[in-house]
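The values are calculated or read from the model by the stated rules, or taken from the named source; none is laboratory data. This one's a predicted model, so the numbers in the text were calculated from it and none came from an experiment. Neighbour counts are summed over all protein chains in view; Cβ atoms, including those assigned to glycine, are modelled from backbone coordinates with ideal geometry.
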């Protein structure tokens, strides 16, 4: 008669501990984005927090994130990394949507923290923001580049120590006459301007998904307009 060999009590205890460690590590990786960081895209819309700033020209980045939230079902209700953010999957891609809550000029603090946490490669970090040097409702997508006159982007580049990341610049047009630039960007779109601004914001959301799903070259060919900036 052949006797079956049962594992010892010590072996069983070790097996249980190993399984617990494996599941704990797996869950931790899923939470921190380290499971497969190359597949994670971080989309950051720049703006200022608070209801008072919500309808302003300077907050078109937030508007784009809100639209992306509707399109993907990823809610931006978590408060961490000095931001409101959410993460989820859309068409096979892991996406993190971010609205910094640091105020515009310190946006880089938030971006640095969230990029570090998710270990996202910079070519998968997409910044969306307003641009006064581009016609209202027009998009300008770039693989990389300087901040220009945009203080939010200056902060991001400073904290990431690089300008080699994609960005979608949403044209809001420039001030006319003697209107101060700060007053202009912190002002609201007129009813007439909204007829052009809203379609531009919608295009920016589509462009962000196009970058993720089809690549930035395809997005630039499809959404960039022939304007001087």
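Yes or no, residue by residue, for (1) over 26 Å from residue 108 (Cβ atoms); (2) in contact (Cβ under 8 Å) with a residue 40 or more places away in the chain; (3) in a loop (DSSP other than H, G, I, E, B):
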position: 145; (1), (2), (3): no, no, yes
position: 193; (1), (2), (3): yes, yes, no
position: 200; (1), (2), (3): no, yes, no
position: 218; (1), (2), (3): yes, no, no
position: 222; (1), (2), (3): yes, no, no
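So, in region 68-107, how many residues would count as being in a helix (DSSP H, G or I), buried (at least 20 other Cβ atoms within 10 Å of the Cβ) and touching a helix residue (DSSP H, G or I) at 6+ places or on another chain (Cβ under 6 Å)? Going through region 68-107 one residue at a time, the tally reaches 3. Among the candidates 167, 188, 112, 140, the residue that is touching a strand residue (DSSP E or B) at 6+ places or on another chain (Cβ under 7 Å) and within 19 Å of residue 96 (Cβ to Cβ) is uniquely 167. For region 116-136, the condition holds for at least one residue, the condition being that it is without any contact (Cβ under 8 Å) to a residue 40 or more places away in the chain and surrounded by fewer than 17 Cβ atoms within 10 Å (Cβ to Cβ). When the residues of region 197-223 are filtered to those that are surrounded by fewer than 16 Cβ atoms within 10 Å (Cβ to Cβ) and closer than 16 Å to residue 130 by Cα, the one that is nearest to the chain's Cα centre (by Cα) is 202. Just one of the listed residues (141, 179) is more than 18 Å from residue 66 (Cα to Cα), at pLDDT 95 or above and not in a helix (DSSP H, G or I), and it is 141.
Would a scan of region 160-168 turn up a residue that is in contact (Cβ under 8 Å) with a residue 60 or more places away in the chain, crowded, with 23+ Cβ neighbours inside 10 Å and under 18 Å from residue 42 (Cβ atoms)? Yes, the conditions are met somewhere in region 160-168. The single condition among (1) at pLDDT 95 or above; (2) surrounded by fewer than 17 Cβ atoms within 10 Å (Cβ to Cβ); (3) under 20 Å from the mean Cα position of the chain (by Cα) that residue 148 does not satisfy is (1). Quick check: is even one residue across region 151-167 in a strand (DSSP E or B), within 24 Å of residue 67 (Cβ to Cβ) and over 15 Å from the mean Cα position of the chain (by Cα)? Looking for residues that are in a strand (DSSP E or B), within 24 Å of residue 67 (Cβ to Cβ) and over 15 Å from the mean Cα position of the chain (by Cα), one finds none in region 151-167, hence no.
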